[in-house]
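Everything below concerns the one structure shown next.
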Amino acid sequence: MNSNVKTASRTIRGCAVAIALASVWVASNAHADELVRSETVKFADLNLDTWAGVEALYTRIHAAAWRVCEQPAGEAAATGPCMRKTESEAIAKVNVPLLTAFYQKKSGNHPQTITANR
C-alpha cells in the first residue's frame, strides 16, 4: 500500500512539473479574413498548487486574452465573447483543477451539478 502512495505522489509531482514547464497559448479567431492572433503565456515560475500562483496565472491569461481579442472602436462588442472563449480554451489547455475552479469562481461560470437519485 505504501508503494502505491509513493507512486501516486511521484505521478502527481511529475505532472505538476510538466505543466509548470509548459506554456499556454492564447489565440483568437475573431475574424476569419485576418490572421489568427496569438500570444504565449509562460508560467514556469508559478506554483500552481497555491491560490496565489493560480491567481497570477489567471491574470496573465486574462491580459493576454485582452491583447489578442482587442477590437477597433467600432467592433468593441466582439471583445467580450472573444475573451471568454479565449480564456476558457487557454484554461482548459492548462488543465489544472485549481485554475479551473478559480476561473469558474471569477467568471461565475459554474458547471452544472449532476445528482443521482435512487
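Of the residues L99, L48, only one is in a loop (DSSP other than H, G, I, E, B) and at pLDDT 80 or above; which?
Going through L99, L48 in turn, just one is in a loop (DSSP other than H, G, I, E, B) and at pLDDT 80 or above: L48.
Counting only residues that are within 14 Å of A101 (Cβ to Cβ) and among the hydroxyl-bearing types (S, T, Y), region 40-70 holds 2 of them. Taking the conditions (1) modelled with pLDDT of 95 or more; (2) out of contact with any helix residue (DSSP H, G or I) (no Cβ under 9 Å at 6 or more places or on another chain); (3) surrounded by fewer than 12 Cβ atoms within 10 Å (Cβ to Cβ); (4) not aromatic (F, W, Y) in turn, A56 satisfies each one other than (3). Selection over region 51-99 of residues that are within 11 Å of the chain's Cα centre (by Cα), over 13 Å from V41 (Cβ atoms) and of a type in the set (S, T, Y) gives a count of 1.
The values are calculated or read from the model by the stated rules, or taken from the named source; none is laboratory data. The structure displayed is predicted, hence computed values, not measured ones. Cβ sites come from the backbone with ideal geometry, for glycine too, and all protein chains shown count toward neighbours.
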